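Okay, so here's the structure we're looking at.
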Amino acid sequence: MTDGPLPFAPGTGESFGARGSFCGVPVRRAADARPGEVVILGAPFDWGASHRPGARFGPKAIREADYLEPDGSRPHLTARVDPLRDLPVVDAGDIAIVPGSVERSLAAIEEAVATVAAAGAVPLVLGGDHSITYANATGVARHLGFGEVALVHFDAHADTGEDQWGQLYGHGTPMRRLIESGAVPGHRFVQIGLRGYWPPPATVAWMRAQRMRSYFMADIVDRGLDAVVDEAVGYALEGGARGVFVSVDIDVVDPGMAPGTGTPEPGGLTSRQLLDTVRRLGRDLEVVGADVVEVAPHYDQPMDITAALANRVVLELTTGMTLRRQPASTASTSSP
Ligand SMILES: [Mn+2]
């Protein structure tokens, strides 16, 4: 793998940059995904970024932000499960995106995700800018049914813009595209962590009209994160969605703890809050797909702190998913 082509060389879709798979988990082609396993896919794509680029290097940075042996094993200290081995988690490498072509890249990403979902496995995509969630959630919905999947969305920004300078696809618009296509209807959206000064009031009114449920940082400060997540979980499950796609824009965390991202917005969640919440969602919801996006390593100072957080988001989410699959008697004795 270390002799392979660079991460975003078109036509390969199987390279990881310098070091190999996520934490050393087994390598598996997307087409060979097995039922029940979690399949990591890299989407080295940032042609949808409106501000600072660089998230194309996210998959490589997230895979490498790790000081332990790449042995495919990460026993969780308190949950007492090893998500990488117990689920198990495998890595299908980077999707062969087409540098410069938003549409062809998103089509390739959607196809790879749909291939994994059709096998009965759970795609977990490392971004990449947030444009890719349109492709990711659509790929899952092609398998489970348009309108059948809920989407829990962590972000500083709503990503519901009508367009970006006339372009339909970009990191400010994926959630609107999903609602318009019917892949994920508005009433199946739950957003957590919104803040700042975008989008404009007309867009917020459109979101309300779609029955999107949006929790702002102000709500989290007023009511506490636990109460908000309780309600969010309930809303995501209302009406019997067949599963939940979890989309984590790393900029939901305060830029003091996650500076390596394209559009930092002060006043966000702590790393601890995000990690605990995604683990809980993995345990309490039927996660049928996920992505971790907007890690842009060239702004990631000091060290690789944002990439490390994204790496742990993957581990905590999969730990929660592992707990969900444990027999009740085992899960109840752990302390997740
Ligand atoms: Mn976003």
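From the residues in region 247-261 that are crowded, with 24+ Cβ neighbours inside 10 Å and not hydrophobic (A, V, I, L, M, F, W, C), which one is nearest to the ligand (Cβ to nearest atom)? Please lay out each step first, then the result.
Within region 247-261, the first condition is being crowded, with 24+ Cβ neighbours inside 10 Å, and the residues that meet it are 247-253, 258, 260-261.
From what's left, not hydrophobic (A, V, I, L, M, F, W, C): 247, 249, 251, 260-261.
On the way: Ser247: 8, Asp249: 4, Asp251: 7, Gly260: 14, Thr261: 9 Å.
This residue is Asp249.
Here region 145-163 is the region considered, the condition is being part of a loop (DSSP other than H, G, I, E, B) and in contact with a strand residue (DSSP E or B) (Cβ under 8 Å, 6 or more places away or on another chain), and the residue that is nearest to Ala135 (Cα to Cα) is Asp159.
Residue pairs whose Cβ atoms lie under 9 Å apart, sitting 6 or more positions apart in sequence or on different chains, and linking a residue in region 150-164 that is under 24 Å from Pro259 (Cα atoms) and of a type in the set (Ser, Thr, Tyr) to a partner that is near the ligand (Cβ under 8 Å from one of its atoms) and assigned to a loop (DSSP other than H, G, I, E, B), are Thr160/Gly172. For Ala310, the stated conditions do not hold, so it cannot be described as touching a residue at least 60 places away in the same chain (Cβ under 8 Å), touching a Phe, Trp or Tyr at 6+ places or on another chain (Cβ under 8 Å), under 21 Å from Pro44 (Cβ atoms) and within 16 Å of the ligand (Cβ to nearest atom).
Taking the condition at pLDDT 95 or above and under 15 Å from Ala92 (Cβ atoms), does Arg28 pass? No.
Condition check ((1) within 16 Å of the ligand (Cβ to nearest atom); (2) surrounded by 24 or more Cβ atoms within 10 Å (Cβ to Cβ)) across all residues:
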| position | (1), (2) |
| --- | --- |
| Asp155 | yes, yes |
| Gln164 | yes, no |
| Ser181 | no, no |
| Gly196 | yes, no |
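Elements of the type helices (runs of 4 or more DSSP H) sitting completely within region 245-336 and holding at least 1 residues that are basic (Lys, Arg): these cover 271-284, 305-325. When His171 is tested against (1) assigned to a loop (DSSP other than H, G, I, E, B); (2) touching a Pro at 6+ places or on another chain (Cβ under 9 Å); (3) within 16 Å of the ligand (Cβ to nearest atom), exactly one condition is not met: (2). Just wondering, is there one or more residues in region 117-125 that are more than 16 Å from the ligand (Cβ to nearest atom), assigned to a helix (DSSP H, G or I), at negative phi and not hydrophobic (A, V, I, L, M, F, W, C)? No: zero hits. Looking for whichever is within 16 Å of the ligand (Cβ to nearest atom) and more than 18 Å from Ala310 (Cα to Cα) here; the options are Ile95, Ile109. Which one fits? Step by step, each of Ile95, Ile109 is checked, and only Ile109 is within 16 Å of the ligand (Cβ to nearest atom) and more than 18 Å from Ala310 (Cα to Cα).
Counting the residues of region 59-110 that are assigned to a loop (DSSP other than H, G, I, E, B), surrounded by fewer than 18 Cβ atoms within 10 Å (Cβ to Cβ) and among the hydrophobic types (A, V, I, L, M, F, W, C) gives 3. Taking region 212-242, which residues are surrounded by fewer than 20 Cβ atoms within 10 Å (Cβ to Cβ), charged (D, E, K, R) and not in a helix (DSSP H, G or I)? Passing the criteria: Glu238, Arg242. Apart from one condition, Gly147 fits all of (1) under 20 Å from Thr306 (Cα atoms); (2) away from the ligand (no atom under 15 Å from the Cβ); (3) in contact with a Lys or Arg (Cβ under 8 Å, 6 or more places away or on another chain); the exception is (1).
Please specify each residue of region 34-55 satisfying the condition of being surrounded by fewer than 24 Cβ atoms within 10 Å (Cβ to Cβ), more than 11 Å from His130 (Cα to Cα) and out of contact with any His (no Cβ under 7 Å at 6 or more places or on another chain). Break it down into steps so the answer makes sense when it comes.
Within region 34-55, the first condition is being surrounded by fewer than 24 Cβ atoms within 10 Å (Cβ to Cβ), and the residues that meet it are 34-37, 47, 49-54.
Among the residues that remain, those that are also more than 11 Å from His130 (Cα to Cα) are: 34-37, 51-54.
Residues satisfying the conditions are Arg34, Pro35, Gly36, Glu37, His51, Arg52, Pro53.
Kindly indicate whether any position in region 270-286 is within 16 Å of the ligand (Cβ to nearest atom), crowded, with 22+ Cβ neighbours inside 10 Å and within 17 Å of the chain's Cα centre (by Cα). There is at least one residue in region 270-286 that is within 16 Å of the ligand (Cβ to nearest atom), crowded, with 22+ Cβ neighbours inside 10 Å and within 17 Å of the chain's Cα centre (by Cα).
The values are calculated or read from the model by the stated rules, or taken from the named source; none is laboratory data. Since we're looking at a predicted model, the values are computed, not measured. Cβ sites come from the backbone with ideal geometry, for glycine too, and all protein chains shown count toward neighbours.
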